[in-house]
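Report on one structure; see the data block that follows.
None of the figures in this text is laboratory data; all of them are computed from the coordinates on show. As the structure is a prediction and not an experimental result, all values here were calculated from the model. No Cβ is skipped: glycine too gets one built from the backbone with ideal geometry, and neighbour counts run over all protein chains shown.
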Amino acid sequence: MRILEELERTSNEALKYFELPESEMSKNYGPEKWNIKQILVHLADAEAVLLERIKRTISEENPTVIGFDQDLWEEKLSYNTLPLELSKEIFVANRKSISFLAKEFYQKEGNRINTHNIVGVKTLKDEFDKVIWHSEGHLDQIKIALKS
């Protein structure tokens, strides 16, 4: 199943960036943009949010899911001082859970819906697919940062 291959591919790519030396972690992809460490911590946090949405969409009838202010989380949760190893462990556990749930439910329950408080109705497939495109976008930012 394509979704499982993409989840594994993007997970493997993200995990190699968690192993970068500290000297690389402060690089960013542009002025006033997040550095690599901030991006990695955000990936872990965002996937925790996405996992919760996926679980609620599977188990509840049209749940309301809530967006979050990623910049506020970065600021208030001290992304620059948060231990990166902790975020890596969170990322790994959440990605394993997401992959398991995708294998079980992507095809057979993919049309279940939730209602996002900002963007409206989304399907379970949309939520799984967002894990991929969200990861890819941030992995591209890391690649740009590493070239700087």
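Odds and ends about this structure:
- Computed from the C-beta positions of Thr81 and Thr115, the FRET efficiency with R₀ = 41 Å rounds to 0.70.
- Choice from Leu82, Leu51, Leu124 with maximal GNM fluctuation in the chain (Cα, 10 Å cutoff): Leu82
- For the chain, Kirkwood radius (reciprocal of mean inverse C-alpha pair distance, Å): 15.8
- Taking every alpha-carbon pair under 8 Å whose residues sit at least 6 apart, the range 11-148 reaches a relative contact order of 37 percent.
- Point-charge dipole on Cβ atoms (K/R +1, D/E -1) for the chain, about Cα centre, debye to 20: 300
- The string of couplings for the range 85-100 from the Karplus curve (6.51, -1.76, 1.60, θ = phi - 60°) is 4, 5, 5, 4, 4, 5, 4, 4, 5, 5, 5, 4, 5, 4, 5, 4 Hz, one whole number per residue in order, with x for Gly and Pro.
- Relative to the current alpha-carbon distance between Arg2 and Ile144, full extension at 0.36 nm per residue lengthens the span by 48.5 nm.
- Computed from phi, the 3J(HN,Hα) profile of the range 16-23 under the Karplus parametrisation 6.51, -1.76, 1.60 (θ = phi - 60°) reads 5, 6, 5, 9, 4, x, 3, 5 Hz, with x in place of Gly and Pro.
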